[in-house]
Amino acid sequence: MKLTPTVHVVGGGRFGFGISGALDCHVYLLNGGSELALVDPGLGLAHDFDTILENIRADGLDPKRIRKLILTHYHCDHIGAAAEAQKRLDVEVFASTLAAPVIRSGDERAVSLDVAKAAGFYPPDFVLPPCPVDVEVREGDTLTVGELRWTAYETPGHCDGHLSFHISGGDRVYLLGADLVFWGGRILLQTIHDCRIDAYSQSVFKVEKLDFDALLPGHLQISLGGGKEHVTKAAESFRQLGVPPNLM
Ligand SMILES: [Zn+2]
């Protein structure tokens, strides 16, 4: 589904557009002209990644032009399909320095898959396939996808090793915030080992300093204009020493 000349949504489940597996996050495809990048390929149950590839083709794009797979954080609804995507597309995989070893080993406990299965979020027999990571991304690193320039920001809080990207060079300026901030200034705190409220506030303050038009979250509504107001709203709550409204 083409949102803008730069951004396609090619997957998403029941907290998205319902166009791939029910548990998938928003799966974004960014078009840099000469090259495409896929972001967070979803949970990857059964044939769900086939559906994502079909969605890409239905948008008139050839999956063979995808050269990079960017992983924002290691939660399974975002990276369960990463190993399959890496194999089938032969892409270079990018993740934060902190998330990379966990993604390479498929460490269930580190990604909170053990507690998420116990809570009934994922099928009890789901196993996270380990995925190679080629490039470890740190704060301030830049990468290019065709004409697009991506700058990485370390934004922990929702979980350790979470990255957000400021993306310029396309039809507008984007903040790919993943699970940092959602529409209406909501955030996503969970009782998992690496969810940290103090780090969360600092991450929100950090991206509040950036200029951007569109906010691309990992779930729910996408704002193509005025995206910054959602970040500002969350930051206002944190500045009052409070907690922004939570998604769950
Ligand atoms: Zn998450």
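Quick note: the coordinates plus some simple rules give every number you see, no bench work behind them. Bear in mind the structure is a predicted one, so any value in this text is a computation, not a measurement. Every residue, glycine as well, gets a Cβ built from its backbone with ideal geometry; the counts of neighbours run over all protein chains shown.
Between region 116-171 and region 182-248, how far is it from one alpha carbon centroid to the other, in angstrom?
16
Test of the criteria: in region 39-96, which GluC sites (Glu not before Pro) are in a DSSP loop and have at most 14 other Cβ atoms within 10 angstrom of their Cβ? Each step should come with its number before you reach the end.
Working: sites: E54, E84, E92; in loops: none.
Of the GluC sites (Glu not before Pro), not one in the loops of region 39-96 has a Cβ with at most 14 other Cβ atoms within 10 Å.
So, how do all the Cα-to-Cα distances of region 119-248 break down into 5 Å bins, in percent, from 0 on up?
Cα pair-distance distribution for region 119-248, in percent: 2, 10, 19, 21, 19, 13, 9, 5, 1.
Looking at the calculated P(r) for region 176-222, what percent of the C-alpha pair distances fall above 18 Å?
Counting pairs separated by more than 18 Å, the tail of P(r) holds 28 percent.
So what is the diffusion coefficient of region 7-239 in µm² per second by Stokes-Einstein at 10 °C and 1.306 mPa s, using a Kirkwood Rh over Cα pairs?
Once the numbers are plugged in, D ends up at 92 µm²/s.
Gaussian network model of the chain, Cα springs within a sub-10 Å range: biggest mean-square fluctuation belongs to which of C131, C195, C159?
C195
In whole Å, what are the Cα extents of region 89-148 along the three principal axes, biggest one first?
42, 26, 19
For region 56-96, list log₁₀ I(q)/I(0) at each q in 0.21, 0.22, 0.23, 0.30 Å⁻¹, using the Debye formula over Cα point scatterers of equal strength and ignoring solvent, two decimals each.
With one equal scatterer per Cα and no solvent, log10 I(q)/I(0) is -0.70, -0.75, -0.80, -1.06.
On a straight-distance basis, which lysines could pair with K117 in a cross-link, Cα separation under 29 angstrom, same-chain partners fewer than 8 positions away excluded?
Partners found: K87.
If you take the Cα atoms of region 34-165, find Rg, then find the Kirkwood Rh from the mean of 1/r over all pairs, what is Rg/Rh?
A ratio of 0.96.
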